[in-house]
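The values are calculated or read from the model by the stated rules, or taken from the named source; none is laboratory data. Just so it is clear, the model here is predicted, and its values are computed rather than measured. So basically every Cβ, Gly included, is an ideal-geometry build from the backbone, and we count neighbours across all protein chains shown.
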There are 2 protein chains.
Amino acid sequence: MAEPNAKTRERLVAGAADMIRRRGLSATSVRELAKHSGAPLGSTYHYFPGGKQQLATEAVEFAGDTIARTLDRALERGPLEGLRAFLATWRKTITSADFRAGCPVLAVSIEDSADTAALDAAADVFARWESLLERSLRRHGAGRAEARQIATLTVASIEGTVALCRAKRSAQPLDRIRPQLEALIVHATS
Amino acid sequence: MAEPNAKTRERLVAGAADMIRRRGLSATSVRELAKHSGAPLGSTYHYFPGGKQQLATEAVEFAGDTIARTLDRALERGPLEGLRAFLATWRKTITSADFRAGCPVLAVSIEDSADTAALDAAADVFARWESLLERSLRRHGAGRAEARQIATLTVASIEGTVALCRAKRSAQPLDRIRPQLEALIVHATS
C-alpha cells in the first residue's frame, strides 16, 4: 500500500496536471497549486523543492503515463481500437470540463521557458505515445515509414483538435478527424 | 498610405501576436507588450483600452488574416499546393524562431479565461482556415463530408504538429505528417 506521503504527493501532481491543462504553464506555481489543491503551502514546497519546473515536469509525466496506459491497453485489440480509445479519452476530458481543460503536455510545449526540463518531458511523452501507435501499426502490417507517419499524425492531430474543440466549445472537431484517421489506418494495415 | 498612428497600432498588434505565440496568453499584458515592442506604455494603453483581451483578440485576428492570405493564394493552384504552403509557413515560423515560437491562435485557445472575446476570435480563425481548405477540396471533386473532415484534420494536425516540433526542437514532425495528408487529399480529389 502507498504511504500517506506518497498519496499526498500524487494528489498534488494530479492537481498540477489539472491546473496546467486548464490555465497553461505561466499561470501555474507552487503557491497556486497549494490554493488549487487545498494543501498547505509548506508541504507543497516540501514535495516540490525544484519549484514550477519540477511541478510541470511531474505533471507532464503523470498525464503521459495515464494516457499511455489507456492507449496501450486498447492497442491490444489493434490500431483502430487504439485510435478510438485515444479519441474517447480526450472527448471525456474536454466535455467533462465543459471545454475548459485540454492537454498539459501540449500546454507545456507552447510556452517558452529558459529551463527546458518540462519541455524535455513533453517531448518524451509525445515520442512514447507515437511509439505505441507505431509499434501496433507495424504489428498489423503497416510499412515502417507509413507506421511512423500515421503515428505522428494521430498524436499531433488529436492534440490540435483538443485545442480546436476548446476554442469552438464543441466536440465536433473530434468527430470530423476520426473517419480520415481510420481510413489511413485501414489502408496501411490491409 | 497608412497614417503613422495606424502603423504604430499595427506594429503593436504584430508585437502582441509575437509575444503570445512565444509565451502564451497569461504572460502577455499591455505592460509587457510595451516592453517587448519598445513602445511607450501610455501609447500602448491608448491603442488598447480594452487591455489584454483586446490585445489578444486583435493578435489572433492578425495571425488569422496573415495565414489566410497565404493559404488562399496557394489554394488557387489546388488543395495540395494549399497544404504545402500551409506547412511551409509553419516550418518557417518555428525554425526562424529556433523552435521557441508557435501559433498565437492555439495559445489563446488553451488558456482558460473568464472573458471569451479572444477565444471567440480563435474559433473564427480556425473556422476560416478550415473553410478555405474545404472549399478548395470541394472545387476539386471531394465529397461534402470528406472535404470537411480533411479540412479539419489538416488545420488541427498542423496546429498540433507545431507544438510537437517545439517540444522536440525539430521540424521532423512536419515532414512526417505531410505524406499522409497528401494521400488523403489525392484520394478525395481523384
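Summary table
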quantity	calculated
Complete set of residues in the stretch B:133-146 that are within 16 Å of B:Asp72 (Cα to Cα) and either among the acidic types (Asp, Glu) or buried (at least 22 other Cβ atoms within 10 Å of the Cβ) (or both)	B:Leu133, B:Glu134, B:Ser136, B:Leu137
Residue in the stretch B:85-92 that is farther than 21 Å from A:Leu106 by Cα, touching a Ser or Thr at 6+ places or on another chain (Cβ under 7 Å) and not acidic (Asp, Glu) present	yes
Test set (1) outside any helix (DSSP H, G or I); (2) facing chain B (nearest Cβ under 8 Å); (3) of a type outside the set (D, E, K, R) - A:Gly141 fails condition number	(2)
Subset tally (residues that are among the small types (Gly, Ala, Ser) and surrounded by 15 or more Cβ atoms within 10 Å (Cβ to Cβ)) for the stretch B:81-90	2
Sole exception among (1) free of Cβ contacts under 8 Å to residues at least 60 places away in the same chain; (2) at negative phi; (3) surrounded by fewer than 24 Cβ atoms within 10 Å (Cβ to Cβ) for B:Leu174, by number	(1)
Members of the stretch A:176-190 that are assigned to a helix (DSSP H, G or I), more than 15 Å from B:Thr154 (Cβ to Cβ) and either more than 10 Å from chain B (Cβ to nearest Cβ) or under 19 Å from the mean Cα position of the chain (by Cα) (or both)	A:Glu182, A:Ile185, A:Val186, A:Thr189
Matching residues, the stretch B:144-175, being among the basic types (Lys, Arg), within 7 Å of chain A (Cβ to nearest Cβ) and within 16 Å of B:Ile94 (Cα to Cα)	B:Arg166, B:Lys168
Residue satisfying all of: in the stretch A:21-80; among the acidic types (Asp, Glu) and within 14 Å of another protein chain (Cβ to nearest Cβ); surrounded by the most Cβ atoms within 10 Å (Cβ to Cβ) among these	A:Glu61
Enumeration of residues in the stretch A:99-119 that are surrounded by fewer than 24 Cβ atoms within 10 Å (Cβ to Cβ) and in contact (Cβ under 8 Å) with a residue 60 or more places away in the chain	A:Phe99, A:Arg100, A:Ala101, A:Ser113, A:Asp115, A:Ala117
Test: residue in the stretch B:11-19 that is of a type in the set (Lys, Arg) and surrounded by 22 or more Cβ atoms within 10 Å (Cβ to Cβ)	no
Only listed residue being of a type in the set (Asp, Glu) and at pLDDT 95 or above, chosen from B:Asp112, B:Asp65	B:Asp65
Matching residues in the stretch B:1-54 - criterion: being aliphatic (A, V, I, L, M), outside any helix (DSSP H, G or I) and without any contact (Cβ under 8 Å) to a residue 40 or more places away in the chain	B:Met1, B:Ala2, B:Ala27, B:Ala39
Qualifying positions in the stretch A:86-117 - part of a loop (DSSP other than H, G, I, E, B), under 18 Å from A:Ala56 (Cβ atoms) and not β-branched (Val, Ile, Thr)	A:Ala101, A:Gly102, A:Cys103, A:Glu111, A:Asp112, A:Ser113, A:Ala114, A:Asp115
Flag if A:Leu164 is without any contact (Cβ under 8 Å) to a residue 12 or more places away in the chain, part of a helix (DSSP H, G or I) and either more than 24 Å from B:Asp18 (Cα to Cα) or of a type in the set (A, V, I, L, M) (or both)	yes
Residues within the stretch A:115-143 that are at pLDDT below 95 and farther than 30 Å from B:Met19 by Cα, tallied	0
Of the criteria (1) part of a helix (DSSP H, G or I); (2) under 19 Å from the mean Cα position of the chain (by Cα); (3) not aliphatic (A, V, I, L, M), which one A:Glu146 fails	(2)
Matching entry among A:Ser170, A:Ser157 (being assigned to a loop (DSSP other than H, G, I, E, B) and closer than 22 Å to B:Glu134 by Cβ)	A:Ser170
Residues of the stretch B:106-115 satisfying the condition of being within 8 Å of chain A (Cβ to nearest Cβ) and over 14 Å from B:Thr161 (Cα atoms)	B:Val108, B:Ser109, B:Ile110, B:Glu111, B:Asp112
